[in-house]
Amino acid sequence: MPDITLDHISKTYNKNTLLALDDISFEVNKGELFGLIGPDGAGKTSLFRILTTLLLPDKGFATVNGFDVVKNYKSIRGIIGYMPGKFSLYQDLTVEENLKFFATVFKTTVEKNYDLIRDIYLQIEPFKKRRAGQLSGGMKQKLALCCALIHKPEVLFLDEPTTGVDAVSRREFWEMLKSLQKENITILVSTAYMDEATLCDRIGLIQSGKMLSVDTPENVLKAYPENLFAIKSKNVHKLLTDLRNFENTLQCYASGEYLHLSFKTENGNSQNEVVVFLKEKGHDEIEMKMCKPSIEDCFIRLLAS
Amino acid sequence: MKETVIKTENLTKRFGDFVAVDAISFEVYKGEIFGFLGANGAGKTTAMRMLSGLSKPTSGKAIVAGLDVFTQPEEIKKNIGYMSQRFSLYEDLTVIENIKFFGGIYGLSDKQIKQKSEELIEQLQFQNEIKKLVHDIPLGWKQKLALSVAILHEPKVVFLDEPTGGVDPATRKQFWEMIYQTADKGITVFVTTHYLDEAEYCNRISIMVDGRIDALGTPRELKEKFSATSMDEVFYKLARGAKRSDN
Amino acid sequence: MFRDRKTLLLLFGMPIVQILLFGFALTNEIKNSKIVIADFAKDIASQEIIGKIEASKNFNIEKSILSSQEIEAAFKKGEIKIAIVFPNNFNYDLRHSNKAQIQVIADASDPNTATTLTNYITSIVNDYQQDIWKTSKVPYRIMPELRMLYNPDLKGAPNFVPGVMAMVLLLVCVMMTSISIVREKELGTMEVLLVSPFKPFLVIVSKMIPYLFISLLNLVIILVLSVFLLEMPIRGSLILLVAESTLFIITALSLGLFISTVTDTQQAAMSISMLGMMLPTILLGGYMFPIENMPIALQVVSNIVPAKWFYIIVKAIMLKGLGFSYIWKETLVLAGMAMLFLLISLRNFKIRLA
């Protein structure tokens with residue numbers, strides 16, 4: 001049974017001039033780790049705010065744990081945990097005081113659900129007397145997660161929890177989410193980092209308020225329609241300009257030390273044709289191989305279609 | 001023989017007992033894209049400030065664009081460009097006003113500014129946006145404009161501090177194309193980023209841990225050295241041992 | 001800079017408003033002050049002096065009363081600031097013993113006004129003296145006997161202490177409450193509070209309680225200092241004073257709450273508290289510039305400044321030693337304001353973000 005449902009949700013701002021969400025429909029199952037992947041301004045935060053009952057949708061219908069986000073907002077508020085995009089703790093309270101405060105607000109005690117947060121809390125316990133404002137990015141994020149979990153929510157909403165956090169803390173954070181999943185908590189998480197997509201059970205790619213694709217990461221990758229090639233030569237910038245002018249090029253863009261290239265129509269000879277073309281243009285040390293698309297490649301491909 | 005644009009020897013910065021940057025030595029060459037990575041608090045920002053003449057080192061040596069950071073910080077500022085995540089642009093000025101303002105700051109003549117801004121508008125295809133407030137143009141465009149403005153005076157080096165935060169992948173790619181183009185003109189690009197996959201776009205990268213440079217080389221060299229498949233893994237292996245990255 | 005309309009308005013608006021306010025509205029010159037005249041003499045001399053007073057732009061003769069009890073009652077009610085008593089045989093004394101006395105009684109709880117008003121009277125009397133000298137060449141002398149009610153030494157403290165009380169309580173309550181609540185919106189903690197089963201409005205109200213205690217503590221400090229250091233009397237009931245102050249604090253807290261519901265940034269809350277509250281309190285509260293002197297429009301506006309009512313209440317209790325029966329109207333106004341602000345905030349308080 002789906003734990004979160006969205007049915008043709010739309011939202012506009014500034015008196016209908018700014019479309020934030022455009023006819024979004026998808027479902028998240030109980031106990032699933034669902035990732036909402038998209039850049040800043042894609043509509044992720046609006047979507048979170050609608051599901052957490054903080055905003056009213058203009059059109060459409062959505063439920064969380066069977067409750068309507070508009071009519072039954074009070075019931076929803078008791079059973080969800082929410083970590084907003086901006087740092088949402090009391091900067092001048094200590095780690096311990098923050099946790100106690102949120103426990104009180106959610107009508108529970110720290111002790112009651114300590115099991116759930118123990119693994120995370122142990123990491124920040126050495127700093128429990130420190131004020132939240134003086135914690136590093138990774139620590140703040142762990143504390144915020146503890147505060148969001150303190151009342152053992154059914155559904156957890158995490159809005160860009162890893163933004164501005166370094167790679168090590170990011171990885172640890174995802175490990176925490178994986179272990180929370182074992183407690184049968186449904187998790188909806190948003191991120192602008194494409195590489196985090198593969199850590200989710202299912203993902204939704206979102207851009208400019210539109211859902212480009214909803215599927216498992218594997219299926220999203222499989223759905224990439226063309227063969228993708230990695231290509232490099234001595235002068236990368238010139239290579240990019242030249243390939244853009246090649247008549248059979250569908251998409252070509254930088255990706256790491258290689259460029260990624262796809263063809264409009266591909267036959268057995270397409271690779272040779274490109275190499276010949278590039279040699280004519282005076283390129284040296286041309287290296288070309290087939291490669292597997294990443295989520296980022298899929299995203300760019302979906303943007304083009 | 002490659003021309004060296006940045007050269008440091010045992011460059012150190014202390015704040016009291018705290019060693020923010022601990023005797024780092026490296027060279028960056030002309031036209032190179034040099035990635036400068038590290039966890040939060042590893043000392044990236046402090047190092048970058050010293051190299052751009054904003055902060056005086058405690059000890060060591062550093063030459064930027066042929067100038068000494070100890071004795072010629074003011075001249076260095078004229079010979080470098082700088083762009084940060086928060087865009088060094090004025091949100092309540094129009095596109096063209098920003099270009100003119102920064103041209104003036106870097107001491108270009110009116111004639112040069114006029115010529116440069118025409119080139120720039122043409123190249124970015126901003127013809128319809130020149131009268132718009134920077135506040136009203138999309139994030140990706142702001143980033144491109146900010147970079148263009150930072151290299152308006154044709155500096156030898158441009159420092160980019162987390163330039164690609166928060167934009168969609170397609171816009172990010174376009175921004176990297178601009179970086180390639182800048183490097184192609186012979187301007188050295190010194191860039192910090194949080195996106196480790198972006199590190200692979202750089203010619204060479206250095207990774208800072210606890211104020212020291214723990215790894216330096218081409219992305220391929222580093223991946224081989226740490227037997228990793230991605231820069232993310234290299235970084236993780238290095239930064240995991242960090243003492244002060246996260247407390 | 002010129003795209004920033006608000007700053008521009010502030011830069012050019014401020015001097016204009018201030019020049020107008022200080023130039024025209026807020027003067028220390030007193031016009032049309034109500035005066036009570038008790039003319040026991042009813043002779044030619046007293047009538048002539050009364051005529052001069054009537055002709056003066058400084059005074060409006062309220063009524064002529066004969067009993068001294070009635071004069072006292074008028075002072076207590078705060079209806080008048082000054083009264084003159086002409087004794088029996090005023091003219092007779094003047095013509096036969098060459099000197100006569102009149103009694104000038106002023107409400108000195110505001111020493112500045114009292115001094116100014118008595119000076120006006122003295123100069124009118126002197127003026128009359130000059131007139132009769134011209135015709136008779138006899139050096140008649142009228143000697144006004146001054147009586148400064150409530151504050152015989154004309155100390156400054158009785159005037160500014162109630163003012164300081166109003167200021168400090170407003171500062172703590174309005175500014176701190178509004179800023180601390182708006183900070184929650186800015187930091188994002190409000191988002192989490194909204195998503196909790198706890199009623200957010202209750203969280204907010206409970207945040208106001210510390211400020212209530214801080215303000216009460218401040219009140220005690222001010223009172224102790226003014227009684228022991230400035231030797232200021234508390235003539236009325238201390239309990240009543242504390243109760244009325246608590247009411248004022250609650251009014252100020254609900255005003256702070258109201259400001260927090262209509263602003264989204266700490267900076268905005270700060271400017272509204274400063275410009276919208278502090279300035280009107282200082283200018284229209286009644287203790288810097290007497291309200292009676294202001295143009296009618298400003299007098300009307302001053303009615304919405306809570307500090308004005310509190311100032312009247314505090315002076316009545318501390319200096320005049322009056323009981324609740326004299327200040328129930330002012331109390332009712334404050335209570336009404338508190339209710340109004342609380343109701344509007346409750347209605348404005350959003351259960352969602354937009």
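The values are calculated or read from the model by the stated rules, or taken from the named source; none is laboratory data. Every value quoted in this text rests on a predicted model; they were computed, and no experiment measured them. In this analysis, Cβ positions are derived from the backbone assuming ideal geometry, glycine residues included, and neighbour counts consider all displayed protein chains. Note: accessible area is taken over every heavy atom of the protein model, side chains too, but ligands, DNA and RNA are not part of it. Shrake-Rupley method; radii C 1.70, N 1.55, O 1.52, S 1.80 Å.
Being open to solvent by 20 Å² or more (accessible area, probe 1.4 Å) and under 17 Å from A:Pro153 (Cβ atoms) is the filter here; which residues of the stretch A:117-143 pass it?
Passing the criteria: A:Arg118, A:Asp119.
Cβ contacts < 7 Å: first residue farther than 14 Å from C:Met165 by Cα and assigned by TED's automatic domain parsing to the domain that holds C:Val161, restricted to the stretch C:227-241; second residue of a type in the set (Lys, Arg) and outside any helix (DSSP H, G or I), any location; separation 6+ or different chain. Result?
Short answer, once both residue conditions are applied: C:Arg235/C:Lys320.
For B:Arg14, state whether it is over 25 Å from B:Gln143 (Cα atoms) and of a type in the set (D, E, K, R).
Yes, satisfied.
For every residue, the table says whether it meets (1) without any contact (Cβ under 8 Å) to a residue 60 or more places away in the chain; (2) farther than 18 Å from A:Leu158 by Cβ; (3) surrounded by fewer than 16 Cβ atoms within 10 Å (Cβ to Cβ); (4) within 14 Å of chain B (Cβ to nearest Cβ).
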residue: A:Lys15; (1), (2), (3), (4): yes, yes, yes, no
residue: A:Leu21; (1), (2), (3), (4): no, yes, no, no
residue: A:Val28; (1), (2), (3), (4): no, no, no, no
residue: A:Phe34; (1), (2), (3), (4): no, no, no, no
residue: A:Thr52; (1), (2), (3), (4): no, no, no, no
residue: A:Gly85; (1), (2), (3), (4): no, no, no, yes
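Just checking, which of C:Ser109, C:Ser136, C:Ser123, C:Ser206 is hydroxyl-bearing (Ser, Thr, Tyr) and surrounded by 15 or more Cβ atoms within 10 Å (Cβ to Cβ)?
Only one candidate passes the filter, namely C:Ser109.
Do you know which residues across the stretch A:228-245 are under 18 Å from A:Met290 (Cα atoms) and open to solvent by less than 30 Å² (accessible area, probe 1.4 Å)?
Matches in the stretch A:228-245: A:Leu228, A:Phe229, A:Ala230, A:Ile231, A:Ser233, A:Leu239, A:Leu240, A:Leu243.
Residues of the stretch A:66-83 being crowded, with 18+ Cβ neighbours inside 10 Å and more than 10 Å from every other protein chain (Cβ to nearest Cβ), which ones?
A:Phe67, A:Val69
Looking at this structure, is B:Thr171 touching a helix residue (DSSP H, G or I) at 6+ places or on another chain (Cβ under 8 Å), under 23 Å from A:Thr241 (Cβ atoms), part of a helix (DSSP H, G or I) and open to solvent by 20 Å² or more (accessible area, probe 1.4 Å)?
Yes, satisfied.
Of the residues A:Thr249, A:Thr265, A:Thr216, which single one is closer than 20 Å to B:Gln174 by Cβ, more than 12 Å from chain B (Cβ to nearest Cβ) and not aliphatic (A, V, I, L, M)?
Matching residue, one of A:Thr249, A:Thr265, A:Thr216: A:Thr249.
Looking at the stretch A:242-257, can you tell me whether even one residue there is in a strand (DSSP E or B) and modelled with pLDDT under 90?
Checked the stretch A:242-257: at least one residue is in a strand (DSSP E or B) and modelled with pLDDT under 90.
Within the stretch B:106-122, is there a residue that is within 14 Å of another protein chain (Cβ to nearest Cβ), over 22 Å from A:Lys238 (Cβ atoms) and either crowded, with 18+ Cβ neighbours inside 10 Å or within 15 Å of the chain's Cα centre (by Cα) (or both)?
no
Please name all residue pairs, on different chains or six or more residues apart, with Cβ atoms under 7 Å, provided the first residue is in the stretch A:174-202 and is in the same structural domain as A:Gly43 (by TED's automatic domain parsing) and the second residue is among the basic types (Lys, Arg) and part of a helix (DSSP H, G or I).
Sorted first by the residue in the stretch A:174-202, then by its partner, the pairs are A:Ser190/A:Lys44.
From the set of residues in the stretch C:72-94 that are more than 24 Å from the chain's Cα centre (by Cα) and over 21 Å from C:Thr122 (Cβ atoms), which is surrounded by the fewest Cβ atoms within 10 Å (Cβ to Cβ)?
Top of the filtered list is C:Asn88.
Just checking, how many residues over the stretch B:1-42 are polar (S, T, N, Q) and either closer than 11 Å to B:Pro57 by Cα or open to solvent by less than 20 Å² (accessible area, probe 1.4 Å) (or both)?
Number of matching residues: 3.
For A:Phe61, indicate whether it is surrounded by fewer than 19 Cβ atoms within 10 Å (Cβ to Cβ), assigned by TED's automatic domain parsing to the domain that holds A:Met194 and not in a loop (DSSP other than H, G, I, E, B).
yes
Would it be correct to say that C:Leu332 is part of a helix (DSSP H, G or I) and at pLDDT 90 or above?
yes
For the structure I just gave you, tell me whether B:Ser52 is open to solvent by less than 10 Å² (accessible area, probe 1.4 Å) and closer than 30 Å to B:Leu133 by Cβ.
For B:Ser52, the condition - open to solvent by less than 10 Å² (accessible area, probe 1.4 Å) and closer than 30 Å to B:Leu133 by Cβ - is met.
Those residues that are more than 26 Å from C:Gly188 (Cα to Cα) and either polar (S, T, N, Q) or not in a strand (DSSP E or B) (or both), I need them from the stretch A:6-52; list them, please.
Passing the criteria: A:Ser25, A:Asn29, A:Lys30, A:Gly31, A:Glu32.
Here is a list: C:Met148, C:Met165. Which entry is crowded, with 22+ Cβ neighbours inside 10 Å and either over 29 Å from C:Ser215 (Cα atoms) or not assigned by TED's automatic domain parsing to the domain that holds C:Ala83 (or both)?
When all the criteria are applied, what remains is C:Met165.
Given the conditions (1) touching a residue at least 24 places away in the same chain (Cβ under 8 Å); (2) within 14 Å of chain B (Cβ to nearest Cβ); (3) open to solvent by 10 Å² or more (accessible area, probe 1.4 Å), report the number of the one that A:Ala42 does not fulfil.
Tallying (1) touching a residue at least 24 places away in the same chain (Cβ under 8 Å); (2) within 14 Å of chain B (Cβ to nearest Cβ); (3) open to solvent by 10 Å² or more (accessible area, probe 1.4 Å), A:Ala42 fails exactly one: (3).
Report the residue count in the stretch B:197-208 for those that are over 14 Å from the mean Cα position of the chain (by Cα) and open to solvent by less than 10 Å² (accessible area, probe 1.4 Å).
Residues in the stretch B:197-208 being over 14 Å from the mean Cα position of the chain (by Cα) and open to solvent by less than 10 Å² (accessible area, probe 1.4 Å): 2 in total.
Return the only residue of A:Ile117, A:Ile124 being β-branched (Val, Ile, Thr) and at the interface with chain B (Cβ under 10 Å from one of its Cβ atoms).
Answer to the check: A:Ile124.
In the stretch A:178-192, is there at least one residue being among the aliphatic types (A, V, I, L, M), farther than 18 Å from C:Val195 by Cα, more than 14 Å from chain B (Cβ to nearest Cβ) and open to solvent by less than 30 Å² (accessible area, probe 1.4 Å)?
yes
Kindly indicate whether any position in the stretch B:91-104 is touching a residue at least 24 places away in the same chain (Cβ under 8 Å) and open to solvent by 90 Å² or more (accessible area, probe 1.4 Å).
Within the stretch B:91-104, none of the residues are touching a residue at least 24 places away in the same chain (Cβ under 8 Å) and open to solvent by 90 Å² or more (accessible area, probe 1.4 Å).
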